[in-house]
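S.K.: Take this structure first; my questions come after.
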Amino acid sequence: MKTQIIHLERHDDTHSVTDKMDWSQTPRVLLIWPEKNDVLTDHLDLVILERHSTSLGSQLGLVADQPDVIYNAKRAGIPHFKSRAEAQTKPWPRSQRYYRQRSFQEKILEPKETDLPEKPEKDVLFELPPWARLTTFTVAVIAVLTIAFLLLPRSEILIPVQDQWTEVIIPVRASPDIQNVYVSGALPAREISVSIEKRAQMETTGTVSIPEIYAAGEVVFTNLTDHKVNVPKNTTLTTGGEDPVSYRTLHAVELPAGTGNKVEAKIKAKDPGSSANQEAGAVSGIGADFGADLTVTNPQPIRGGEDIYLSIPSERDKQTLTEQVIQDVKEDAQERLGQKMEPGDMLISESPIIKEIEKKEFTPPEGEPGETLEVNIRVKVSGWIVKDQDLRTLAQDVMQTNQYTDQYQPVSDTLTYQPDTKITVHDNREAEWMLAIKWQRKPSVKESEIVSTVLGQTPSRAKRQLTEKYNLSNPPRISIIPSWWPRLPFLPFRIKVE
């Protein structure tokens, strides 16, 4: 059985509790006393609450641990429970007051001899003459039929949209410098952007020489002193000039004492490559402490140094490949930008705008050889668009400004708009074109006028009157429920106009 549970607060009194009980729509009301709080402990308070609950048709019970409350509840015949769970599971006993009141009511309802009439009263209706009874019955039947005649039928009238179109062509200008939509044709242009990443490769056209084989030859040392001079192995010899080439001796030699004595020695370039190939007489420097005691020269050219040539990306290759990828990005940008646009949005940029090259990586890296150059580029491109919502707002403003009259009003659902000329773009961000705005219109009629015109008319006559009055190209649709009812309702609220 449903039970309303009311938790008492320490500030509650009989008035606040009875107000809470007034909201009850359950057969039982359970009051829960706060712990260790003297609220409504008086016997009279509990009697008042029990009587109020009975007046509401509910039985009152309570959960409390205060001895005074428990004692007074028993005196008032109110069931007491130790907990809320016990109150919801155990049956609630009726109080003695309930049974006394029920017994008293039964005694009152027992018939007594003094209550019985001595003679049964005659039915007043049968005392009326036949013509009066017939008249009363007839009037009642007529009243019922009249009410049915007025309330039973209902009707729906559908005024068709007229095949009358209005078209306005206005010049439109869109620019990011415009912030709002103006009925004069000014629209804000909004920028959208997207990042596109692409890879491409090409054969390299540059070459680089790599030294590979060491040059070698012979030199002749000449003693300039009267004592012998030892030239150790790996003694450094150089050529003259701003960019000298270094060589080293391959073995140790000893020059006999005496000015002009000569000794030959084999040498080898310290670094590989063709740059170490020198003509006769090029070697002249000695990189040692005893260099002042000797002279050195190469009677024969020094030969044998060779370079190998490898392919390497040139700056021209990098520039060409970058331009190729940028062109591919531009070709894909139209489609990628279109994916970010909503249906109806217009792209007014002639070509995508390269905003930023976010990443550019070449393979092989700078300075390293390779027969193929590959680049990975991520480019941020953007474009200017006109939002469809802004175009619709402009079209609606133009429609409301040009067409609304007392006799006709526009049909918003039929509004269309589209470019009437090619879009002309200036500086790839400002555009101009002609916009054709078209909509359908319908007669501006009031529902109350239509209803007053057709009240009580037959469907055919109502159609004819509405067509003539509002100059409709197509007659209205009129439906009557029930369909066999011959006339439209006589009560205005039974007619619905759309």
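The values are calculated or read from the model by the stated rules, or taken from the named source; none is laboratory data. It should be emphasised that the depicted structure is a prediction, and the values quoted were computed from it without experimental measurement. Glycine also receives a Cβ, built like all others from the backbone with ideal geometry; neighbour counts cover every protein chain displayed.
S.K.: Would you confirm, using the coordinates I've provided, whether LEU347 is outside the structural domain of ALA216 (by TED's automatic domain parsing), of a type in the set (A, V, I, L, M, F, W, C) and within 28 Å of THR204 (Cα to Cα)?
M.R.: Taking the combined requirement at face value, the residue does not satisfy it.
S.K.: Another question, if that's okay. Taking the criterion of being over 26 Å from ILE192 (Cα atoms), of a type in the set (Lys, Arg), under 33 Å from the mean Cα position of the chain (by Cα) and surrounded by 15 or more Cβ atoms within 10 Å (Cβ to Cβ), would at least one residue in the stretch 416-432 satisfy it?
M.R.: Checked the stretch 416-432: no residue is over 26 Å from ILE192 (Cα atoms), of a type in the set (Lys, Arg), under 33 Å from the mean Cα position of the chain (by Cα) and surrounded by 15 or more Cβ atoms within 10 Å (Cβ to Cβ).
S.K.: Out of GLU361, GLU306, GLU331, GLU335, which single residue is in the same structural domain as THR222 (by TED's automatic domain parsing), more than 30 Å from ASN223 (Cα to Cα) and either of a type outside the set (Ser, Thr, Tyr) or touching a Leu at 6+ places or on another chain (Cβ under 9 Å) (or both)?
M.R.: Criteria check complete, one pass: GLU306.
S.K.: Continuing with the same structure: Among all residue pairs at least 6 apart or on different chains, which show Cβ distances below 8 Å where the first residue, located in the stretch 228-243, is closer than 17 Å to GLY281 by Cβ and at pLDDT 90 or above and the second is hydrophobic (A, V, I, L, M, F, W, C) and not in a strand (DSSP E or B)?
M.R.: Hits for this filter: THR238/VAL245; THR239/VAL245; THR239/ALA282.
S.K.: Sort out for me the strands (runs of 3 or more DSSP E) sitting completely within the stretch 119-198 that have 1 or more residues that are modelled with pLDDT under 80. Talk me through it step by step, then tell me what you get.
M.R.: Values: elements: 154-158, 164-175, 186-188.
Output list reads 164-175.
S.K.: Moving on to the next point. Does ALA462 satisfy the condition of being aliphatic (A, V, I, L, M) and over 28 Å from ARG173 (Cα atoms)?
M.R.: yes
S.K.: If I ask for residues that are in contact with a helix residue (DSSP H, G or I) (Cβ under 7 Å, 6 or more places away or on another chain) and at pLDDT 90 or above, which ones from the stretch 306-320 would you list?
M.R.: GLU306
S.K.: Suppose we filter GLU212, GLU242 for residues that are closer than 30 Å to GLY367 by Cβ, part of a loop (DSSP other than H, G, I, E, B) and of a type outside the set (Lys, Arg); which single one remains?
M.R.: GLU242
S.K.: Restricting to the stretch 1-57, give me the number of residues that are under 52 Å from the mean Cα position of the chain (by Cα) and assigned to a helix (DSSP H, G or I).
M.R.: Qualifying residue count for the region: 6.
S.K.: Considering every residue within the stretch 315-327, establish whether at least one is among the aliphatic types (A, V, I, L, M) and within 36 Å of the chain's Cα centre (by Cα).
M.R.: Yes, the stretch 315-327 contains at least one residue that is among the aliphatic types (A, V, I, L, M) and within 36 Å of the chain's Cα centre (by Cα).
S.K.: Tell me the strands (runs of 3 or more DSSP E) entirely within the stretch 423-489 that contain at least 3 residues that are at pLDDT below 85 and closer than 30 Å to TYR182 by Cα.
M.R.: It comes to 430-443.
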